[in-house]
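Below: the structure, in structure tokens.
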Amino acid sequence: MDEALTDRELTDREWAHVERALVLARRGWGRVHPNPMVGCVIVRDGRVVGEGWHREWGGPHAEVMALADAGAAARGATAFVSLEPCRHTGKTGACTHALMEAGVARVVFGAADPGEASGGGARVLREAGVEVTGPVLSSGEARRENPPFFHTDETRPWTALKLALSLDGGIAAAPGQRTSVSGPEVDRRVQELRAGFDAIMVGARTARVDDPRLTVRGPIPPRVPPRRVVVDGRGTLGPGARLLAEEGGAVQFVTTAAAEAGWKRKMEAAGAQVLTVEGADGQVDLPGALQALRSGGVGALLCEGGGVLGSALLSEGLVDRLYLAVAPRFLGPDAVPAFPRVSGPGGEADWEMAAEPERVGADLWLTLDREG
Ligand code: AOF
Ligand code: ZN
């Protein structure tokens, strides 16, 4: 779907402004979801006169922030916005209206807004005599910037899998052994990452071995603390787990009929919610689990392992994005593999870089999206 192609004829300088708007947009991570991250740059006679981004869910939109920054210089200027300006009066006024009021002459926008009420701003602006160029991003590029916003599959959340692995593909030195594979800079990065998700999920084995808190303790205070989900089909985790003791997002166990009623009662008494889904042999049916999370309001899910749960999700084609921290060391032949037994239709998928590979401390940070 490349309806954007004809609008790609922007000059390099114009593209740079679009890219700057995308960079500004990303500052909304953790604070605006499930609404999209949006950035805006206002340019007059080739000079940037205003910048803004959507900072807080329910707060002013990017255009309004940038217009306030530009003041009178917005008259006759071009606004570069990463998303089509909204035409609806939602929690705030319509951006189309704000742009016209300010006398903006031209609008270049990145992605079309699919919203029923909010979308269609481009037409409104054109009809009012504003020159409009866009969407200049392909649908793939638009999705990459705001995946949960463009995720339309109601059967599951937009799902990311994060793993830290060694050069030989290990996630722990040996079974049952907690191993810090990546460095502290990656830990910080993961804290930032968590802030933008509705739920953080791990398998029971990882919960037992690593005993993680799954809270957000980084620089971005999440608007809503992500709930903490443990996939524990047989009901094995003890009530002494740290995530039960630690203040944070709601704790949920996803289990099956194989778990004992006494265990469920114990976990509920410890403050957790227990979600019983279909399963065979004490193995949670993952599409069913994800469906239950989605119905429960999880739009964006981050799975942080372990290898068995991650591989099962991958095999079933349930992972949209991979975040991989590759550490420059070997863990050796006893290591727990990051990707045991990835097979089936999901295993045949191709992955593409969704961001530049990045050096984070001593490690390499990769962001990959499943193709198609
Ligand atoms: C824009 N600029 O910066 C953003 C837009 O609930 P509201 O009133 O804040 O509206 C949210 C919807 O508005 C959101 O779902 C999306 O369609 C659009 N977001 N639009 O023109 C912005 N954040
Ligand atoms: Zn708006």
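The values are calculated or read from the model by the stated rules, or taken from the named source; none is laboratory data. None of the values given here were measured: they were computed from a predicted structure. Heads up, the Cβs are rebuilt from the backbone with ideal geometry, glycines too, and the neighbour counts pull from every protein chain shown. Accessible surface is based on the protein model in full, side chains and every heavy atom, while ligands, DNA and RNA are left aside. Shrake-Rupley method; radii C 1.70, N 1.55, O 1.52, S 1.80 Å.
Taking only pairs six or more apart or across chains, which ones have beta-carbon atoms under 7 Å, a first residue in the stretch 92-104 that is more than 11 Å from Gly76 (Cα to Cα), and a second residue that is open to solvent by 30 Å² or more (accessible area, probe 1.4 Å) and more than 9 Å from ligand 1 (Cβ to nearest atom)?
Final answer for the pair search is Thr96/Val124.
Filter the stretch 19-39 down to the residues that are open to solvent by 40 Å² or more (accessible area, probe 1.4 Å) and touching a residue at least 12 places away in the same chain (Cβ under 8 Å), then identify the one that is nearest to ligand 2 (Cβ to nearest atom).
Ranking the candidates gives Asn35 first.
Going through Leu314, Leu318, Leu290 one at a time, which residue ends up being out of contact with any Lys or Arg (no Cβ under 7 Å at 6 or more places or on another chain), in the same structural domain as Glu348 (by TED's automatic domain parsing) and not aromatic (Phe, Trp, Tyr)?
Leu314
Can you go through Gly134, Gly103, Gly129 and tell me which one is within 15 Å of ligand 2 (Cβ to nearest atom) and of a type outside the set (Phe, Trp, Tyr)?
Gly134
Going residue by residue through the stretch 106-122, is there one that turns out to be in a helix (DSSP H, G or I), open to solvent by 20 Å² or more (accessible area, probe 1.4 Å) and not charged (D, E, K, R)?
no
So, in the stretch 1-27, exactly how many residues are touching a strand residue (DSSP E or B) at 6+ places or on another chain (Cβ under 6 Å) and modelled with pLDDT of 95 or more?
The number of residues fulfilling the criteria is 8.
Return only the number of the condition from (1) touching a helix residue (DSSP H, G or I) at 6+ places or on another chain (Cβ under 6 Å); (2) more than 8 Å from ligand 1 (Cβ to nearest atom) that Glu84 does not satisfy.
The single condition Glu84 does not satisfy is (2).
Any idea which of Ala142, Ala173, Ala128, Ala164 is of a type in the set (Gly, Ala, Ser) and under 15 Å from the mean Cα position of the chain (by Cα)?
After applying the criteria, what remains is Ala142.
Could you identify the single residue in Glu14, Glu9 that is without any contact (Cβ under 8 Å) to a residue 24 or more places away in the chain, over 29 Å from Glu192 (Cα atoms) and more than 12 Å from ligand 2 (Cβ to nearest atom)?
When all the criteria are applied, what remains is Glu9.
How many residues, within the stretch 40-98, are small (Gly, Ala, Ser) and open to solvent by less than 20 Å² (accessible area, probe 1.4 Å)?
Going through the stretch 40-98 one residue at a time, the tally reaches 11.
Scan Asp363, Asp334 and give me the residue that is of a type in the set (D, E, K, R) and crowded, with 21+ Cβ neighbours inside 10 Å.
Answer to the selection: Asp363.
So which residues in the stretch 56-78 are touching a helix residue (DSSP H, G or I) at 6+ places or on another chain (Cβ under 6 Å) and either within 15 Å of ligand 2 (Cβ to nearest atom) or assigned to a loop (DSSP other than H, G, I, E, B) (or both)?
If the condition is that a residue be touching a helix residue (DSSP H, G or I) at 6+ places or on another chain (Cβ under 6 Å) and either within 15 Å of ligand 2 (Cβ to nearest atom) or assigned to a loop (DSSP other than H, G, I, E, B) (or both), then His61, Glu63, Val64, Leu67 are the ones that fit.
Being more than 17 Å from the chain's Cα centre (by Cα), buried (at least 23 other Cβ atoms within 10 Å of the Cβ) and modelled with pLDDT of 95 or more is the filter here, so list the residues in the stretch 287-308 that pass it.
Once the filter is applied, which keeps residues that are more than 17 Å from the chain's Cα centre (by Cα), buried (at least 23 other Cβ atoms within 10 Å of the Cβ) and modelled with pLDDT of 95 or more, the stretch 287-308 yields only Ala289.
With Val229, Val209 as the choices, which residue is modelled with pLDDT under 95 and either of a type outside the set (D, E, K, R) or touching a helix residue (DSSP H, G or I) at 6+ places or on another chain (Cβ under 8 Å) (or both)?
Answer to the check: Val209.
Among Arg227, Arg223, which is the only one that is under 24 Å from Arg178 (Cα atoms), out of contact with any Ser or Thr (no Cβ under 9 Å at 6 or more places or on another chain) and open to solvent by 20 Å² or more (accessible area, probe 1.4 Å)?
Only one candidate qualifies: Arg227.
If we scan the stretch 328-349, do we find a residue that is closer than 30 Å to Val23 by Cα, modelled with pLDDT under 95 and in contact with a strand residue (DSSP E or B) (Cβ under 8 Å, 6 or more places away or on another chain)?
Yes.
Which of the residues belonging to the stretch 123-137 are surrounded by fewer than 17 Cβ atoms within 10 Å (Cβ to Cβ) and either at negative phi or among the hydroxyl-bearing types (Ser, Thr, Tyr) (or both)?
If the condition is that a residue be surrounded by fewer than 17 Cβ atoms within 10 Å (Cβ to Cβ) and either at negative phi or among the hydroxyl-bearing types (Ser, Thr, Tyr) (or both), then Arg123, Arg126, Glu127, Ala128, Glu131 are the ones that fit.
State the number of residues belonging to the stretch 178-236 that are on the phi < 0 side of the Ramachandran plot and part of a loop (DSSP other than H, G, I, E, B).
Counting residues in the stretch 178-236 that are on the phi < 0 side of the Ramachandran plot and part of a loop (DSSP other than H, G, I, E, B) gives 28.
Would a scan of the stretch 112-125 turn up a residue that is more than 13 Å from ligand 1 (Cβ to nearest atom), assigned by TED's automatic domain parsing to the domain that holds Val43 and hydrophobic (A, V, I, L, M, F, W, C)?
Checking the stretch 112-125: not a single residue is more than 13 Å from ligand 1 (Cβ to nearest atom), assigned by TED's automatic domain parsing to the domain that holds Val43 and hydrophobic (A, V, I, L, M, F, W, C).
(1) more than 16 Å from ligand 2 (Cβ to nearest atom); (2) open to solvent by 20 Å² or more (accessible area, probe 1.4 Å); (3) over 17 Å from Val38 (Cβ atoms): which one isn't true of Ala160, the others all being true?
Here Ala160 clears every test but (2).
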